[in-house]
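Taking it in order: structure first as structure tokens, then the write-up.
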Amino acid sequence: MGTLRTGALTRRRVGTRAADLEYAVLDVETTGLDPREGARLVEIAVVRVRGDGTLVEEFSTLVDPRAPVRGQEFHGIGEGDVVGAPRVETIVPRVSQLLSGAVVVCHNLDFEERFLTAELVPAGLPRGLSGLCTLRALRSQLDLPRYSLPRATHLLSGEWPTGQHTALGDARACARLLVEMIANAPGELRYTGPEPRLLRAVGSSAEDAPDEPVRWKPRTTPLTGGLAPLNTWNARWRRSELDAALCGGAFRDTDREVAESAARRGARLRRRVAAAAAVTGGIAATAAGGLLLRLAGVHGGHRGRAR
């Protein structure tokens, strides 16, 4: 079983209403791109939010990578910043508490999942959590020239997200993008993945997991007052949504064409199935009507003879 069992957002009438779920929006900053090549977590943040936009809780901390801190040109974290920061095994109980009963959301989930699998799972984070990738969701539902978190936010709302390249700043921006997507969809969005799991606290009880230890070093200030009012998008929603499974990776022009072609074939097939069902239903209704008339005639004849 993988760390995350990824679902998708759809306008079809399947799955669970997206507005009814809670989401644990997660972002990490790392010393490199691939944990298999020695890259490690250096910062992590989780923003817990409801599908209606209500902010439930948020958490952020630097992490001691126990390795040289590289990538400073991107995340701005130096060697001195992580002195005294917790190690991964220390934060797993708190992270598990935040992920419990929620869909785990990231913008480019494949990247974060690699680090969750390499570092948090060996420290006790359970596998098989519900997941959702907002990058794939945007590509599936909207036709945009760019889908990165800052560019998509600006294209859709006219605003640039703040706190870019900090884990908490990016998690907040992703959470806002998700709830605005749910609020602005032309049809009700539903989540098709597995039901979120309630997690048992790892390593200590949930009550013993401290909220904000002094030695942990968040790099952004708490978000007072919750999320700002949601923006109305002026966006081109796809008439036929794409299969989210085809919307990963670089999503170059050829990838987009493959996904759009598959969506057109799927739409044609659904129309044919619906038409066939309508014809079959009409035939069945006609047959049923005839049977009722025949039964009515039989019963009428019986009543006539009885009189």
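Can you give the translational diffusion coefficient of the stretch 1-64 in µm²/s, computed by Stokes-Einstein from the Kirkwood radius over Cα pairs at 4 °C and 1.567 mPa s? Let's see the in-between values first.
On the way: Rh = 14.3 Å.
Value of D from the Cα-based Kirkwood radius: 91 µm²/s.
For Val103, enumerate residues with amide H under 5 Å from its amide H, sequence gap 5+ or separate chain, H modeled in the peptide plane.
Amide H neighbours of Val103, under 5 Å, 5+ apart: Glu22, Tyr23, Ala24.
If you count only protein heavy atoms and use a 1.4 Å probe, how large is the accessible surface of Leu189, to the nearest 10 Å²?
10 Å²
Among 41-50, 72-81, what's the highest-first ranking by average C-beta atoms within 10 angstrom per residue?
Details: 41-50: 25.6, 72-81: 13.6.
In descending order of packing, they fall as 41-50, 72-81.
Sequence gap at least 6, Cα distance under 8 Å: using those rules, report the relative contact order of the stretch 150-198 to the nearest whole percent.
Values: 22 pairs, mean separation 9.5, N = 49.
Relative contact order for the stretch 150-198 comes out at 19 percent.
Over every pair of different alpha-carbon atoms in the stretch 49-193, take the mean of 1/r and invert it; report that Kirkwood radius in Å. Intermediate results must be reported in sequence, preceding the final value.
Details: mean 1/r = 0.0598 Å⁻¹.
16.7 Å is the Kirkwood radius here.
The values are calculated or read from the model by the stated rules, or taken from the named source; none is laboratory data. Predicted, not measured: the structure shown is a model, and the values here were computed from it. Cβ: placed from backbone, ideal geometry, glycine included. Neighbour counts: every protein chain shown. Note: accessible area is taken over every heavy atom of the protein model, side chains too, but ligands, DNA and RNA are not part of it. Shrake-Rupley method; radii C 1.70, N 1.55, O 1.52, S 1.80 Å.
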